[in-house]
Structure formats: C-alpha cells, structure tokens
1. Return yes when Trp92 is of a type in the set (Phe, Trp, Tyr), over 23 Å from Phe342 (Cβ atoms) and at pLDDT 95 or above and no when it is not.
2. Tell me, which strands (runs of 3 or more DSSP E) lie completely within the range 353-434 with 1 or more residues that are closer than 27 Å to Arg109 by Cβ and of a type in the set (Phe, Trp, Tyr)?
3. Can you say whether Tyr94 is crowded, with 20+ Cβ neighbours inside 10 Å, under 30 Å from Ser158 (Cβ atoms) and in contact (Cβ under 8 Å) with a residue 24 or more places away in the chain, as far as the supplied structure shows?
4. Only residues that are acidic (Asp, Glu) and over 21 Å from the mean Cα position of the chain (by Cα): list them for the range 352-382, please.
5. Keeping to the range 296-318, report how many residues are closer than 22 Å to Ala138 by Cα and touching a helix residue (DSSP H, G or I) at 6+ places or on another chain (Cβ under 7 Å).
6. Could you tell me whether the range 303-319 includes any residue that is modelled with pLDDT under 95, assigned by TED's automatic domain parsing to the domain that holds Tyr78, charged (D, E, K, R) and surrounded by fewer than 24 Cβ atoms within 10 Å (Cβ to Cβ)?
7. Find the residue count for the range 404-426, including only residues that are touching a Cys at 6+ places or on another chain (Cβ under 9 Å) and outside the structural domain of His130 (by TED's automatic domain parsing).
8. Taking the range 157-169 as the search range and keeping residues that are touching an Asp or Glu at 6+ places or on another chain (Cβ under 6 Å) and modelled with pLDDT under 95, which one is surrounded by the most Cβ atoms within 10 Å (Cβ to Cβ)?
Amino acid sequence: MHFLHRSMPRRTVLKGMGATLALPFLEAMLPTLRAADKPVRRFQAFYTPNGMAMEYWTPKTEGADFEMTPVLEPLAPYRDQMTVFSGLRASWNYIHAGASSCFLTGTPRGGKTEIEIIADVSIDQLMARHFAKETQLASLELSMDQPANPGACTGVLSCAYTHTISWRSSTQPLPMEWNPRSVFEKLFGDSGTTDPKLREARLQQHKSILDSVNEKIARLKKELGPGDQSRVNEYTEAIRDVELRIQRAEEQKDIQLPTIDQPQGAPAVFEDHLALMLDMQMLAFHSDLTRVISFMISKEQSARAYPQIGVAEAHHPLSHHNDIPELVEKMSHINKYHTTLFSQYLKRLRATPDGDGSLLDHMMILYGSGISNSNRHAADNLPQLLVGGGSGQLKGTRHLKFQPTSNANLLVAIMEKMGVPVEKVGGSNGKIAL
C-alpha cells in the first residue's frame, strides 16, 4: 500500500488500566489511501453470545421492505449494506458448545468428553491461508474475555468450545486474545510504540536472534536420529512462522502510521476495553496488516452484567428467562446494547477512507449468535446478518428467509464472495444465494 500524505502529526496514547484514553484517533489520524486497482476484500466475524430475544430481533416481513425491529434499529444507518437472515440452523446442536463452534465452521460434529476436542476448520482460517501471502498477519482472533481453556465449561465438554469461534484444524481451536497490550505486540512488535525507527531496530534484533537459533538447530539436527529430527522439524515450523511475520513487517515498514504507544493492559471498564480492541482492529485493517479478524464481544455462558443500561442481572442466567415477558424484554436490552456498540464501530468504518470508498465498503462482516431462543438453547432460525459492501460483492436492504438450512451453506457463500471459493465447509450441502 502507498499513501498520498502523512497522517496528522498528533501523538495518540492508548494507556488503558483506568487511565484517560485519548480516543478516537483513527478518523483524524489515519492517512488517505490511493484507490487500488483491485479493491481489497476484508472479512470480520463479530460474535454475540447467549442467544437473542428473538421477538425483538426478527423482522416480520421479507425482502427490501423489512422493518427495523427494536434490536436491529441501531443498525438503521447501514440498512443499505445489510442483509438479515432467517431460517439458518446450526449444524451441531449442542447447547453453548455448538453455538460458538458452529458459527464459522458449520461443523456437524463435536467431542463427547472434556478432552475430546473436535470441530472443523473455520472460514476465517481458510481465508487467512489465502491472504497470508499479502499481509503481515494472516488473521487476528480477539475477545473481550480471558480464556479458560482447561476443564469443562458447557455440559461435559471442553471450555475450548465456548471461548473461541476460530479453528485452525479440526482438532486445533485457536485462543482468542483479550489483552490490548498483546494485540498491539502482534500488530507492531514489542518495541512499545509504532515509531518506525524503534520498530526497525527491534525487527533487526529479532532477525539476529532467529539467525542464531536457526544455526543452533541446524547443528543439533546433525546429531539426532530420524525420530528426534521429526520432532525438531515441528518446532521449526513455529520459527518459520515468526520469520514470515518479520519478512512481512519489513515489506510494510514504509507504511506511515500514527504514533501510538502500547496499551498497558485491559481497562476495567467494559466500554473502555472495547474501544481499545476496536481501535486496533480498525488500524490493522486500514494499514493492511491483516484482512481477517474474528471477534467475540463476549464468550458463550458469559455472566457479564450491564448495569450501565439498567440490566443488573448476569447475561447467561437472564438468557434462561422461561419466556417471562419482563425478562425477555431485559434480554432484548442487552441484545440492543450490543447492536448499538456494533453500530458505533460501523460508523467509524464508514468514515474511514479506503481506496475508492470506505473500509466498510470493502468489508464483509458476519454479525450474530449461534443460538436463537436462548431459553431453549435453540439452534434453529439463528439471529445472524451480513453488513458491508464486500468490495461490490454484496447487496443490501434485504431480509432473506430460507427454508431451514445449515448455517454452513451461508459460510460457503461467504467464501465465494470473498474470492476464496470452496466446495464444502463443515456440514454444508450446498450454498445459499447472496
């Protein structure tokens, strides 16, 4: 990527941990991009847990004239780039484990014990393999919650199912990073700043260390038998991944970024933490450091309460509302609060120039949950939507209602629109028309 001019000479500090946050910075500080010959396509998953108050989500009419229901109302400004789905069902219906693990994998299977961890490759990771040669990071996997991978979290199954939506392989769930400090290091290294001189010096230091490690491994392998050499080769795969990241960072070192200091950690206030996480996602997209991000605004079975909007009850227990109208309405307030926060993110994406349009014009964002009626852990009629222009690949202003069909068929269609067509995802048996 090449820039027409420098960003505004304003220093932005992201401190976190209760300190004042100098936000937002991206609209004012990010430089303008030259229109690309071929628009870049970007994908984001934005996951919300514990199902939905469906009567407050689902439009009653189909097609272009659908009404903006109470939960969807905050997204009204993006109606022209939004498609709402009805009739999708999860391929693997196992309470919360099936909800999050099916969202991007469409898997029809899962484990049966705490230590049996099985699903399918998620579409974000299929895209990551495709775009890895273009960007410094193949993908980012982010969450607002700390991981708790050991033990059982949902029924008798591993916490890995409820704490991620990204799967590198059928047996390798990817951890979701929750600490803004660590996200910064993934994007910009551990120099503590985006200052180009300091980043360059740190890159050279890392290269020197890797060169030394590779020399020692080469000498070690000469002394090992075939079995041990195979084990060492598995280790060197991780080193090659680091080398590739350094190579991509060197190729992109001329990208001009606003000078940002590394966050100190995760702020205690939910909205401040979220602002930091979304800021770095926007910066990663706009700087083309990655084109694939998966984000969980909260994990399945989250017990977070939202007293700031008048809901003191913990989210997960409230989702088991026994269809009591007052409790369903409270549940809808959480659902609407999530779409409100999502709408604020979309506003910034639309306001950020990218090529011949905006970031939102060149993105495809899958928003929603892997459960519909949370009281029943229902896996049918999933509350999901797509928003963004998809670099000209997506229409908007639509409510598409299907005869019950696997969400895996939607995932196949998304892959095609992203320019990475596949024959099958998880338990798909076709693809829906987008």
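1. Answer is no for this residue.
2. Passing ranges, in order: 363-368, 398-406.
3. The answer is yes for Tyr94.
4. Selection gives Asp356, Asp380.
5. 1
6. No.
7. Number of matching residues: 1.
8. Residue satisfying both the conditions and the ranking: Thr162.
The values are calculated or read from the model by the stated rules, or taken from the named source; none is laboratory data. Every value quoted in this text rests on a predicted model; they were computed, and no experiment measured them. Quick reminder, even Gly has a Cβ in these numbers, built from the backbone with ideal geometry, and neighbours come from all protein chains shown.
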